[in-house]
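A quick write-up on the structure given underneath.
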Amino acid sequence: MDFEELVQVYEQLEKISSGNEIREILADFFKKVSKDDLKIVTYLTLGRISPEYDSVVLGMADKSVLKALASASGIEIGKVNKLMQDLGDVGLAAEKVLQKKPRTLVPVGRLTIHELFEKLEKISQVTGTGSQDQKSNILISLLQKTSSLGAKYVCRIVLGTLRMGVAEMTVLDSLAIAFTGDKQNKEVLEQAYNLCPDVGEIAEIIGKKGLKGMEKVEIKVGRPIKMMLAQRVQELEEVSEKISGELTVEAKYDGERIQAHKNSKEKITLFSRRLENITDQFPDLVEHLQQGIKAKEFILEGEVLAIDAEGNHLPFQTLMQRRRKYDVEEYIKKIPVRLKCFDLLYLNGKSVMNENYLQRSEELSKIVQKGKNLTLTEKIITDDIEEVNDFFQKMLKEKFEGVIIKSHQGEYLAGSRGWNWIKWKKDYVQEMTDTLDLVIVGAYFGKGRRSGSYGALLCACYDSVKDEFLTVCKLGTGLTDEMLEELPKKLNKYKLAKNSARVVVKREMEPDVWFTPELVVEVLGAEITKSPFHTAGLALRFPRFVRLRDKKAEQATTKKELESMGN
C-alpha cells in the first residue's frame, strides 16, 4: 500500500471531532486494506511500530528532526526552527518547508507503508555515537519519497506525536464494525485483547480468521496480560452483598504492582500496571524470582515495595527512585526491594486464570520460597465483617493503604473490574471521601504567582462504554511549586491544537490548552455533586492534587464508579 493512501485517511481523522465518525471512517478503510497489511496499518495509525509493551522507542529529538527537515528542504536550520516556533508543531513545519522540494530531492518512486515501517524500525535500532545523525539520514530518505502532507505525518510518528483522537479502544471498535458488521462484537475483541494487548495482532487475526480466531487467542509467556481491577464499595457492610460466604482479605500496599513472567528458557520479564517492560529497572528482583520461585514457567502478580536495611517498608516516593535508566546498580544497594506475591495466572505450560481464587492461591503458596525479598501478601480468611475491619485497621497501623477483599470462587478476569475483588482504602473512611484517579485533558493558564505555568488542570473520568473522557473538575489545589514547574514539561508532548475526539467538554469548561488523555492524577475531594457544567454530569467539590499515578488513561476512575460514589 502507498503511504499516501494512509495520509488521506489521517487528514480526514485530524479534522473530525466526532468519535463515532472516526470509527466509521477507520472501519471503511480497514475493509479496503490487504489482510497482510492490517497489522502495519494499525500500528502506524496508533503512531508506533510495535505493541506498547515492547517499549520500542524511535528516540528522535525535535532538534534532529528539524535538522533533517533543513537538509531535505534546502532551507537554513534557523528558518526551520523559527517556523517550528511559530507553528508550534514539527509536523506542520515539515508540511510547510517541503511544499517545494529542491531538485536534489525530486521524489524517487513511491513510499509504501512497508518501506516506511522498515525504516522506522531501523531508526529505533540505531544506537551509540553518531546515532542521531544516522537516524536523521534515514528520515531524510523517507522525506525524499513522500509528499509535503506525508512529511507532516512521518515527522509526527517519529516524534510520537501522532494525535488524531485514535486509541486502542477506537481501533477495536472500528475492527468490530469492519469485520463483523456489529460494534457490539467489540466485547469479543476486547476479551482477546486483554490476553494479548497487541492491537496489530488482534487486527490481523480478526481480518484473516474473524470472530472464531478471537476465541483462540491464548496466553503467551513474555507478553503481558491486562491486569484485573478491583471494585469499590461505599460502606464496608456492602461487601457481604457482593461476596457471599468466606472471603480472603489481603493487605493493599503502597508500592508498584508488577506482573512477572518466566518462560521455559529461564528468561524473566517484568511488566508494570501500564504494561511497560520494566525488567531493566529491577535486575535484583529478577534474581530474587529466579531463586525464590520453584517453577519452570510462570506468570504471577505482586506488589514491589522499597525496604530499608531492617526490612521495613518505605514510602512509594522512595520506590519511584528505582524507576530509572541509569545508575541502576547504585540504587539496588541504596534502595533494596521486596515483592509481595498475591496471584498466579500461569504455571508450567497451563493457564490457571479460570481456576478460582483459592486454587490459584494454593498453587502460588507452593511455588514461593519465602524470604526477605520475596514473600506472599499478609492475609486472613473470614466471613465476619468485623474481622475484615479489624484486619483493615491493623494494615493501616502498619502504614499500608488498606485491603483487597477477594471472593474465593472468583476467576482472574483480565482487564476487568468485577466484584471478585473489592478494595477498601484508608481514604474511604476519612471525612473527605474517596480519592479518584482522573485524567488531565486540558489546562488553564496561571495568573499571579502561577504566571508562566498552568494555574489549574481540567480533569476527566473515563466512560468505558463509549471510550470517552468526561470532565469532572478543575484541579488547582495541592500543586506544589515544584510540580507547577514540572507540569508544562510533562504535559508538553501531549499538547493538542484542538480537543481530542475522545474528550467531551462543555463550552463553559473549555481550557486554554488541550491535551491527549494520557497523564493520570490521584485527586482527593470533599464530595461528589451533580453538575450542569461537567460532561460527567457530576463534579468533585474541593478537589486536591495528591500525586501523579503510573496508570494508563483507560485505567482511571470510570463514569460508572463516579456515579455509584455520588449516590
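What's the percent breakdown of Cα-Cα distances in segment 435-566 across 5 Å bins, shortest bin first? Per 5 Å bin, starting at zero, the Cα-Cα P(r) for segment 435-566 comes out as 2, 12, 24, 26, 21, 11, 4, 1, 0 percent. For the residue pairs Lys63/Lys493; Lys39/Lys122; Lys334/Lys372; Lys252/Lys333, the alpha carbons lie more than 21 Å apart in Lys252/Lys333. Note on Glu118 and Glu398: their simple-model spin labels are 5.7 nm apart, each label 7 Å out from Cα toward Cβ. Placing +1 on the Cβ of every Lys and Arg and -1 on the Cβ of every Asp and Glu, with no other charges, gives the chain a dipole of roughly 1900 debye about its Cα centre. Placing pseudo-labels 7 Å out from each Cα toward the beta carbon at Glu246 and Gln12 gives an inter-label distance of 5.9 nm. The ranking of Tyr462, Tyr10, Tyr428 by Cβ neighbour count inside 10 Å, starting from the fewest, reads Tyr428, Tyr10, Tyr462.
Based on alpha-carbon atoms, the Kirkwood radius and the radius of gyration of the chain give Rg/Rh equal to 0.97. Hydrodynamic analysis of segment 229-426 uses the Kirkwood radius over alpha carbon pairs. Inserted into Stokes-Einstein at 25 °C and 0.890 mPa s, it gives a translational diffusion coefficient of 141 µm²/s. Within segment 435-566, antiparallel bridges make up roughly 90 percent of the DSSP beta bridges whose residues both belong there.
When Phe400, Phe29 are arranged by Cβ crowding within 10 Å, least crowded first, meaning fewest neighbours, the order is Phe29, Phe400. A straight chain from Glu237 to Asp390 at 0.36 nm per residue would run longer than the Cα-Cα distance by 53.7 nm. Along its first, second and third principal axes, ordered by size, segment 367-439 spans 41, 31, 30 Å in Cα coordinates.
Distance between the 7 Å Cα→Cβ label points at Arg450 and Asn354: 5.2 nm.
Using Cβ counts within 10 Å as a stand-in for footprinting exposure, how do Met60, Met84 rank, fewest first? Present the calculation step by step, with values, prior to reporting the outcome.
Numbers: Met60 24, Met84 21.
In order of increasing Cβ crowding within 10 Å: Met84, Met60.
Within the shell of other residues whose beta carbon sits under 11 angstrom from the beta carbon of Lys152, the net charge comes to -2, with Lys and Arg scored +1 and Asp and Glu -1.
For the pair Glu378 and Val546 in one chain, pulling the backbone fully straight at 0.36 nm per residue adds 57.8 nm over the alpha carbon distance. When the alpha carbon coordinates of segment 202-269 are projected onto the principal axes, the ranges are 49, 33, 21 Å, largest first.
The packing ranking, built from the mean of other Cβ atoms within 10 Å per residue, places the peptides 448-455, 19-26 in the order 19-26, 448-455, highest first. Cross-link partners for Lys397 among the aspartates and glutamates, with Cα-Cα distance under 15 Å and sequence neighbours closer than 8 places in the same chain left out: Glu250, Asp254, Glu378, Asp427.
Coordinate range of the alpha-carbon atoms in segment 21-89 per principal axis, descending: 44, 29, 20 Å. Computed on segment 151-204, the Cα convex hull volume stands at 96 Å³ per residue. In plain terms, the bigger the Kirkwood radius, the slower the diffusion; for segment 48-159, with that radius from Cα pairs, at 20 °C and 1.002 mPa s, Stokes-Einstein puts D at 153 µm²/s.
Since every read-out is calculated from the coordinates, none of them should be taken as a lab result. Since we're looking at a predicted model, the values are computed, not measured. Ideal geometry is used to build each Cβ from the backbone, glycine not excepted, and the neighbour counts take in all protein chains shown.
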